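What follows is a set of notes on a single structure, which appears directly below.
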Amino acid sequence: MRMPHDLKSYVQKHPDNQMAWYLLGKDYERSGQTAKANYCFERSGGVYEAFEHSKAPAQVWIEYQHKLMQLEQQRKKQQFKRRSAAIMLWLLLLGIVPSAMAPDAMNIDVVTEPADESSPEQGLESIDYTDEQGAAHESEAVEAGPEPPVFTGIPLINDEITDEAAGRMMNQLRHTDATIITLGLEQENEFLLWGTSPAKPLMYQFRSNGEGEVTSQSLLPEWCKCTPDDLKGLSASAIEWGQKEEQAIALRSAITAYKQLNGVYPERIEQLMKPFPNNHIGGVNSPMRELYPEMLGYIQSLAGDYRDSESDPTIGERSSEDGPLLPSFEDTYGGEPYMKEALSIIVNKETHRLTLLSGSIVLRNYEVGLGGNKTPEGDFVISDKVVNPNGRSDGEFGTRGMQLSDTDYAIHGTNDPGSIGLDESLGCIRMHQEDVEELFALVPPGTQVTIKDSANTPTQIIAPEQAGDRFQPELVPGQTNPDKIYHWLN
């Protein structure tokens, strides 16, 4: 559901949208226009009861109906006066009435026709309400405050926020003092799609005063009461947020896999950067090095193991009420990474897609080449991870290879990119070079890989369209296997 600043026009077009009526009612309530607010609450049906835990005030609704009747009577009186004035003017022109009775002397106000009451919200627009001091109120735009932006993702269906997602966000914020910028993530079935660019679409700003009042403002350019520079600054911050999330999930996956394999945590990032076969992370950059101690302490705190860590031991003792769980994630709603589960892979043979997931979030969805019935189905893990598995960068397996559970099958590059999307391999999973190099940098050994004949995973390709938007940390050296030339079933 879109929630434009002008909700009045929205409910005219979507009179059955109960969430929109509820939000419009809250706008009127904040501006002191009680009757209008309660009319909207009546139209919102069960949404009002769900949020307010009470029924909409029916008495005010009756009063409002009475007000509409008064409006109709007033409209008829105005029509009568206008017709009378026309008759008087016609008689004056005929010389039947004296000039003292001309329309100017009668102080007749010529008014436009009231809005058609067949549209209830147009009827609302025709009524002026004031508070006890006689001051009129208008619904004001929510302006961004001086505090740094705090981001989170929100599901979209056909580029629009759903009623459920908007209601859930507002309900979460009711008793917190927070301002949140929501970034749109398209929803397909049970999955949220990370998108093809680090620049997630800015959707809405939600602001809560901690006392149950939540306001919203659209950040869509056509609706936002903000300057292009404001949106440009928010977009730049959102890109940095998305890049940090990708760095964090790569670290989280590598730390988790290392612990599962070795039984202990890697206290330093260098322990993940060993030569093959102990290359637990494919690439590292400076932001990842800086983020590592916090991510390590965070993962240990979730497992109750933080007291054995050299990282900040207080992380596991904090709660979101004390401020951000991780200082580096003070720009994320909840103070912790948005992606919370280690990466896993699903290969859909029917659609020729390799889906990289963190829980229900689809980080990437690559097109791949397969071998039809020759490609095995089942559950595997990435075992060997090697650079140049053929011993050279232009071999049939390309520049990267990830073997599946010590079998003769692997996820690898190819020197035949035209085979991507087809069933031409002997069972392996072929990828474009830029795709396999990015996947290699993101996933550690031990990553779960499930191959299915068909799956409910997305079909659209989800990978950065620009080379500069790829996840491209500096390649960790020593990731070739000098003792072996691989002969997978390509």
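Considering region 174-191 alone, what residues qualify as being assigned to a strand (DSSP E or B) and either touching a residue at least 60 places away in the same chain (Cβ under 8 Å) or of a type in the set (Ser, Thr, Tyr) (or both)? Give the steps one after another, and end with the answer.
Initial filter on region 174-191 (assigned to a strand (DSSP E or B)): 177-188, 191.
Hits for region 174-191 are Ala178, Thr179, Ile180, Thr182, Leu185, Glu188, Phe191.
Does Thr450 satisfy the criteria of being surrounded by 15 or more Cβ atoms within 10 Å (Cβ to Cβ), in a strand (DSSP E or B) and either of a type outside the set (Asp, Glu) or out of contact with any Gly (no Cβ under 7 Å at 6 or more places or on another chain) (or both)? Write out each step before concluding.
Working: surrounded by 15 or more Cβ atoms within 10 Å (Cβ to Cβ): yes; in a strand (DSSP E or B): yes; either of a type outside the set (Asp, Glu) or out of contact with any Gly (no Cβ under 7 Å at 6 or more places or on another chain) (or both): yes.
Criteria met by Thr450.
Is it fair to say Ser360 is in contact with a Phe, Trp or Tyr (Cβ under 6 Å, 6 or more places away or on another chain), on the phi > 0 side of the Ramachandran plot and either crowded, with 22+ Cβ neighbours inside 10 Å or touching a residue at least 24 places away in the same chain (Cβ under 8 Å) (or both)? Criteria not met by Ser360.
The requirement of being within 28 Å of Ser360 (Cβ to Cβ), of a type outside the set (Gly, Ala, Ser) and part of a helix (DSSP H, G or I) is satisfied by Phe440. Return yes when Lys385 is among the basic types (Lys, Arg) and under 25 Å from the mean Cα position of the chain (by Cα) and no when it is not. For Lys385, the condition - among the basic types (Lys, Arg) and under 25 Å from the mean Cα position of the chain (by Cα) - is not met. Ile315 satisfies every condition listed in (1) modelled with pLDDT of 55 or more; (2) closer than 26 Å to Ser237 by Cβ; (3) buried (at least 20 other Cβ atoms within 10 Å of the Cβ) except (1). Number of residues in region 153-162 that are in contact (Cβ under 8 Å) with a residue 40 or more places away in the chain and surrounded by 18 or more Cβ atoms within 10 Å (Cβ to Cβ): the value is 4.
A quick yes/no check of all residues on (1) in contact (Cβ under 8 Å) with a residue 60 or more places away in the chain; (2) closer than 26 Å to Ile382 by Cα:
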site	(1), (2)
Pro221	no, no
Asp230	yes, no
Pro266	no, yes
Pro275	yes, yes
Leu291	no, yes
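A quick yes/no check of all residues on (1) farther than 16 Å from Asp331 by Cβ; (2) buried (at least 17 other Cβ atoms within 10 Å of the Cβ); (3) hydroxyl-bearing (Ser, Thr, Tyr); (4) touching a strand residue (DSSP E or B) at 6+ places or on another chain (Cβ under 7 Å):
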{"site": "Leu185", "(1), (2), (3), (4)": "yes, yes, no, yes"}
{"site": "Met203", "(1), (2), (3), (4)": "yes, yes, no, yes"}
{"site": "Glu211", "(1), (2), (3), (4)": "yes, no, no, no"}
{"site": "Ser218", "(1), (2), (3), (4)": "yes, yes, yes, yes"}
{"site": "Glu240", "(1), (2), (3), (4)": "no, no, no, no"}
{"site": "Lys244", "(1), (2), (3), (4)": "no, yes, no, no"}
{"site": "Thr256", "(1), (2), (3), (4)": "yes, yes, yes, no"}
{"site": "Gly263", "(1), (2), (3), (4)": "yes, no, no, no"}
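Among the residues of region 407-434, write down those that are within 34 Å of the chain's Cα centre (by Cα) and crowded, with 24+ Cβ neighbours inside 10 Å. Result: Ala410, Ile411, His412, Gly413, Ile429, Arg430, Met431.
Show me the helices (runs of 4 or more DSSP H) entirely contained within region 1-63 in which 3 or more residues are at pLDDT 75 or above and closer than 22 Å to Gly212 by Cβ.
Values: elements: 7-13, 18-30, 34-43, 46-52.
Helices (runs of 4 or more DSSP H) meeting the threshold: 18-30, 34-43, 46-52.
Scanning region 140-152 turns up one or more residues that are buried (at least 17 other Cβ atoms within 10 Å of the Cβ), closer than 27 Å to His53 by Cα, in contact with a Phe, Trp or Tyr (Cβ under 9 Å, 6 or more places away or on another chain) and at pLDDT 80 or above.
The values are calculated or read from the model by the stated rules, or taken from the named source; none is laboratory data. Quick caveat: nothing in here was measured; it's all calculated off a predicted structure. Here the Cβ is made from the backbone with ideal geometry for all residues, glycine too, and neighbour counts use every protein chain on show.
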